[in-house]
Each structure stands twice: as C-alpha cells, then as structure tokens.
Amino acid sequence: MSGPEDRARRTLTEAPADQLLNRLGDELERSYGITRTDLYQVDYRLSVLLPLADGEPITGPGHPAWRCFDHQEPIIAEGTGWFPVGMRGERRGVLRVSPVPADPEVIRELDTISTALGHELAAVTASTDIYRAARRTRRLTLAAEMQWEMLPGRSRIRPSFSLAGQLEPAYAVRGDSFDWSDDGHRLWLSVINGSGEGVAASMLTSLATHALRNARRAELGLADQAALADQAIYALHRGAQHLSALLLELDLATGMITVVDAGSPRLVRVRDGEVSEQVLEKQFPLGMFEGTDYREQRFQLHREDRLFVVSDGVIDATAERIRYGETALDRFLRRTGPMEPLDAVRSLIGDLRAFVAGDLIDDAVVVCLDWLGPQP
C-alpha cells in the first residue's frame, strides 16, 4: 500500500494545472493533519516572495521563508514549516505548511513533496498563467515578457557545474539575455548584450537566440553557431542592426572552455579569491557584416574556478555621474566566493541597485558559472 509521500506525489501528477496547491493541501491534511498549505514564489527581481493566494509578500532577509530559500533546506519555526520548492537547481520559491509534526521522517517526506511540487510547476507553467502572474509585483513591459519567456531558467545544478543568471531591470529589460544547455558531457552558454529599445531590441535578441539554438541543436561547432546567427541577423537587417554576444562551450570532463567573443560581454574569472579578466579576441558583433568568419579560442579551467559574464550595463551603471566601473565590480566579485552562483548574481544585482538607488536604466545581464571538476 502506498504511503503518504507517494499519495501526495500522485495527487500532484493527477491534479489540474490550476489546482496543484489546492489538491496538495487536501492531501497533506488527510495524511499529516496539516491545515494550512501556501506557496510563495520568488519574483522576477529575486527580491520578494509572493503568495500564490492570500497573504502578505515576504521581503525581510531574516524571515524563515528567506532562510529556507537561500539555504535550500527546510526551516521549522513556531510550528510552521518552510520547504524549498524547485527542480534541478532552479529555485521557484517555498512551501509553507502548518502545523508541522515534529517527526523527522515527516519533515523529510514534506521536503521531498515540495521538490515534487517544483517539478509539477515546471511541467504545467506553459499551460496556465496563474503561476507566472503571481510572480510579479507589477506589470512586465512587453519587451521584458518576451525576454523572460526565452530564458532556460535562472539557475541550474549538476554534479560538475553550478550556473545562474539574472536580467535587470527585471520588469523592463529589453535586449540583454542568456541561454544555456547541457548534455551531461558539455555545457553550452551564450550571453547576449543586446542593442536598441523596447520590443525591437527583444525581437533582435530573440532572433539571435533562436538562430544559436538552431545551430547548436544541429551539432555545429561554436564558430559555426556564431556564423549562422550572424547570417540570420544580417539577412534581415543588412547591417543596420547587430548585437554583441559571448558563446562558451565547457567540456565537463576536462574543464576546457571554448569561446567565441562576438564583441562583448566581459568575461571575468575568480580563482582562489583572485579576480582577473579573461582576455579574449574581440570579433565583430553578430549581424554587423555579411559573411563574417568567427574563430574559436580555448583556455583551461581549474577545479572550483568561477566565471562571471557581465554586460556593459553593469560596468557603466552610473549614479550622480559616478560610474560603477571595473574596480568596484572586481572588489564585489571577490566577496562572492562563499556564495552559490544564484546568490552571487542576486547580490551583485542588489549592489548595483543600491549604487544607483533604484532600478538600472540600461539593461544588464549577469551570469555566474562554477566548474566543480570532473565527476565519476
């Protein structure tokens, strides 16, 4: 006979897309005597935990919900349990349940169930808007809606690497973006430093992203991926519009990185607490000229090396005519050593917001990649 954990997982699998939380709450009450079940999702800025239904947003960093989200472990406080909701390193939010039985085995089961909820949220999000709509504190611009829909996620964890990225201003981003994919042997990462304004910028980035995906899925090499995207943009705009991109391919067994730098963004390495810019051969942006030939570069990562990719919107952020600049960036990146990639990215964006005293005016993208070394 199946136990409560199995019944809860089956309940999630069989529930209608819009009823995941309600059906799960009913099952948790039958199995564990839990009378309250709430889902809090992190917003697009990674700064607020927003309730799916009734409740107040949670902003305070010392709150048990944020401790659960930050450390990705159950937090029990005053009879209420907070459990991380996510999948494969992608943090979606936290599940709140009360009252929580004191049995450690029940805590373990609820932790597993919250992970199952994260998987089901990922499975149904394409078929309903209720979870996306509940994740925003205000309306996204149309360009930002298009950009967020293209992303592969905001974080990814496998035994050999950990990866995260963030766009800013989250609710009004235009052309900056990132994309990634892995097959267990290699990781592909592209970071786009877009150009233009509004929907036109997001459409240009969308064309480049889909062209790169098309070439990658055809198993073309990195230089050919860049060339195909370059041709697609030039064929449509004849050089009138172009954008900068950085393409990387990481061999997960050896730590060898292959790179094509099509104009930008900046690539920074953190090794043993020391920050250094990885010098790359700057090549033409995608779509600037017809028939550009791109060249690949290679360099070796060491175990536990960290790479940051940042667009010029980070370095050029300005407050009262003072530029954030490379010195402040390097100083901050040095302090991120103990943080997980998503926390490092979130902290850097938060530092930029504090510097400019609000949302950034220009687009900024930050991606952090840790290579953890070859795995058996």
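The values are calculated or read from the model by the stated rules, or taken from the named source; none is laboratory data. On a predicted model such as this, the values are computed, not experimentally measured, just so you know. Counting neighbours? That spans all protein chains shown, and the Cβs are built from the backbone with ideal geometry, glycine included.
Taking segment 18-77 as the region of interest, the strands (runs of 3 or more DSSP E) fully inside it that hold 3 or more residues being within 28 Å of Arg156 (Cβ to Cβ) are 36-42, 49-51. The set of residues in segment 155-192 being farther than 23 Å from Thr125 by Cβ, surrounded by fewer than 24 Cβ atoms within 10 Å (Cβ to Cβ) and of a type in the set (A, V, I, L, M) consists of Leu187 alone. Annotation note: Cβ proximity below 7 Å between a residue of segment 74-97 that is hydroxyl-bearing (Ser, Thr, Tyr) and a residue that is surrounded by 19 or more Cβ atoms within 10 Å (Cβ to Cβ) (sequence gap 6+ or interchain) occurs for Thr80/Arg96; Thr80/Val100. Residues of segment 145-154 that are in contact with a Ser or Thr (Cβ under 8 Å, 6 or more places away or on another chain) and crowded, with 21+ Cβ neighbours inside 10 Å: Gln147 alone.
Going by the conditions given, is Ala229 in a strand (DSSP E or B) and either surrounded by 20 or more Cβ atoms within 10 Å (Cβ to Cβ) or at positive phi (or both)? Spell out the reasoning first.
Numbers: in a strand (DSSP E or B): no; either surrounded by 20 or more Cβ atoms within 10 Å (Cβ to Cβ) or at positive phi (or both): yes.
No: the conditions fail for Ala229.
Put simply, of Glu320, Glu304 the only residue that is at positive phi and more than 21 Å from the chain's Cα centre (by Cα) is Glu320.
Take Arg295 and tell me if it is touching a residue at least 24 places away in the same chain (Cβ under 8 Å), in the same structural domain as Ala227 (by TED's automatic domain parsing) and in contact with a Gly (Cβ under 6 Å, 6 or more places away or on another chain). Talk me through it step by step, then tell me what you get.
Values: touching a residue at least 24 places away in the same chain (Cβ under 8 Å): yes; in the same structural domain as Ala227 (by TED's automatic domain parsing): yes; in contact with a Gly (Cβ under 6 Å, 6 or more places away or on another chain): no.
Against the criterion (touching a residue at least 24 places away in the same chain (Cβ under 8 Å), in the same structural domain as Ala227 (by TED's automatic domain parsing) and in contact with a Gly (Cβ under 6 Å, 6 or more places away or on another chain)), Arg295 does not qualify.
For segment 78-92, residues that are more than 18 Å from Asp43 (Cβ to Cβ) and either of a type in the set (A, V, I, L, M) or in a loop (DSSP other than H, G, I, E, B) (or both) total 5. The residues of segment 285-301 that are more than 27 Å from the chain's Cα centre (by Cα), of a type outside the set (Gly, Ala, Ser) and either exposed (fewer than 14 other Cβ atoms within 10 Å of the Cβ) or more than 23 Å from Trp180 (Cβ to Cβ) (or both), listed by number, are Met288, Phe289, Glu290, Thr292, Asp293, Arg295. Scoring Gly239 on the criteria (1) surrounded by fewer than 19 Cβ atoms within 10 Å (Cβ to Cβ); (2) under 14 Å from Tyr294 (Cα atoms); (3) in contact with a Gly (Cβ under 8 Å, 6 or more places away or on another chain); (4) not acidic (Asp, Glu) leaves a single failure, condition (2). On inspection, Leu46 qualifies as touching a residue at least 24 places away in the same chain (Cβ under 8 Å), in contact with a Lys or Arg (Cβ under 6 Å, 6 or more places away or on another chain) and closer than 21 Å to Arg138 by Cβ.
Which of the following residues is under 25 Å from Asp362 (Cβ atoms), in contact (Cβ under 8 Å) with a residue 60 or more places away in the chain and surrounded by fewer than 19 Cβ atoms within 10 Å (Cβ to Cβ): Thr137, Thr112?
Working: Thr112 fails: under 25 Å from Asp362 (Cβ atoms).
Among Thr137, Thr112, only Thr137 is under 25 Å from Asp362 (Cβ atoms), in contact (Cβ under 8 Å) with a residue 60 or more places away in the chain and surrounded by fewer than 19 Cβ atoms within 10 Å (Cβ to Cβ).
In the set Leu189, Leu220, Leu167, only one residue is within 23 Å of Leu252 (Cβ to Cβ) and either touching a strand residue (DSSP E or B) at 6+ places or on another chain (Cβ under 6 Å) or of a type in the set (Ser, Thr, Tyr) (or both); that residue is Leu189.
Residue check: Ala262 meets all listed conditions (1) of a type in the set (Gly, Ala, Ser); (2) assigned to a strand (DSSP E or B); (3) surrounded by 21 or more Cβ atoms within 10 Å (Cβ to Cβ); (4) out of contact with any helix residue (DSSP H, G or I) (no Cβ under 7 Å at 6 or more places or on another chain) but one, namely (4). Scanning segment 75-90 for residues that are surrounded by fewer than 19 Cβ atoms within 10 Å (Cβ to Cβ) and either over 27 Å from Asp129 (Cα atoms) or small (Gly, Ala, Ser) (or both) gives Ile76, Ala77, Glu78, Gly79, Thr80.
What do you reckon, is Ala344 touching a residue at least 40 places away in the same chain (Cβ under 8 Å) and either outside any strand (DSSP E or B) or surrounded by 23 or more Cβ atoms within 10 Å (Cβ to Cβ) (or both)? Taking the combined requirement at face value, the residue satisfies it.
None of Val100, Val94 is hydrophobic (A, V, I, L, M, F, W, C), closer than 20 Å to Pro64 by Cα and within 20 Å of the chain's Cα centre (by Cα) except Val94.
Residues of segment 265-274 that are in a strand (DSSP E or B) and crowded, with 20+ Cβ neighbours inside 10 Å: Arg266, Leu267, Val270.
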